[in-house]
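Working notes, structure below.
No lab work stands behind these numbers, since they all come straight from the coordinates. What you are looking at is a predicted structure, and each value in this text was computed from that prediction instead of being measured. Here the Cβ positions follow ideal geometry from the backbone for every residue, glycine too, while neighbour counts run over all protein chains shown.
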Amino acid sequence: MWQVWVFLAPLCPICQDYTYYLNALHDEWVKSPHPQVELVGWFPNPNVTDEAIAEFANRYAVEWDLARDTIGWSDALGVRFTPEAVLLSPEGAVLYRGRVNDLYYALGKHRSSPKSSDLALAVQQALLGQAIVPAETDAIGCPIQNRFPFQDSLSRCVYRDGIRGL
């Protein structure tokens, strides 16, 4: 299964705004005749509680998986902002890293609607077996200042050989 990991912070207003777009993508992916994409939201800050994550899910009608990033995936992947998305192949190869779309074009500056849906395009290209272009974009969001350090031994429980393409 292809996986899209989005790194989030419950108090980040940009993360809050992006839940609308992420919810729409999730609905599109799970309602396809043969779902191939799983969306997971990771909270990298160790101070975020399970209660805060549940409140975030409830407030923004999130129906996809959310969890604390206790393995340190954000550290391993070099994710610097929330929200920032990563597309992983079924084998764990990193194929895309960056923004969900270009709703925000600078910190505190956004459009009324996005012009480019970078994450959706990357997933579409991956599912069609095409090269991901662009494979990386600049995420605009709240900086991750406190995170769990990467624990490779735990990562192997998820991916036998760890995440490839780091």
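Tabulated results
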| item | result |
| --- | --- |
| Radius, Kirkwood style, for segment 2-155 when every pair of distinct Cα atoms is counted (Å) | 15.6 Å |
| Which of Tyr105, Tyr18, Tyr60 has the fewest Cβ neighbours within 10 Å, and the rest in rising order | Tyr105, Tyr60, Tyr18 |
| Where GluC sites (Glu not before Pro) in DSSP loops with at most 13 other Cβ within 10 Å are excluded, longest remaining stretch of the chain | 92-166 |
| In sequence order, calculated HN-Hα J values of segment 69-78 (Karplus, 6.51, -1.76, 1.60; Hz; x Gly/Pro) | 8, 6, 7, x, 4, 4, 5, 4, 8, x |
| Whole-number percent relative contact order across segment 2-155, with pairs defined as alpha carbons under 8 Å at least 6 apart | 28 percent |
| For segment 48-58, Karplus couplings with θ = phi - 60° (6.51, -1.76, 1.60), whole Hz, Gly/Pro x | 6, 8, 4, 5, 5, 5, 5, 5, 4, 4, 5 |
| Sequence ranges 71-83, 123-135, ranked by mean other-Cβ count within 10 angstrom, highest first | 71-83, 123-135 |
| Placed amide H near Phe43: partners under 5 Å, 5+ positions off or other chain | Leu8, Ala67, Arg68, Asp69 |
| Per-residue HN-Hα couplings for segment 10-24 [Karplus 6.51, -1.76, 1.60; θ = phi - 60°; Hz; x = Gly/Pro] | x, 9, 6, x, 6, 4, 4, 5, 6, 4, 4, 6, 5, 4, 5 |
| Model label zone, Ala67; criterion: amide N under 19 Å from point 7 Å along Cα-to-beta-carbon; scope segment 7-24 | 7-10 |
| Long-range HN-HN contacts of Tyr96 with modeled amide H, under 5 Å | Leu87 |
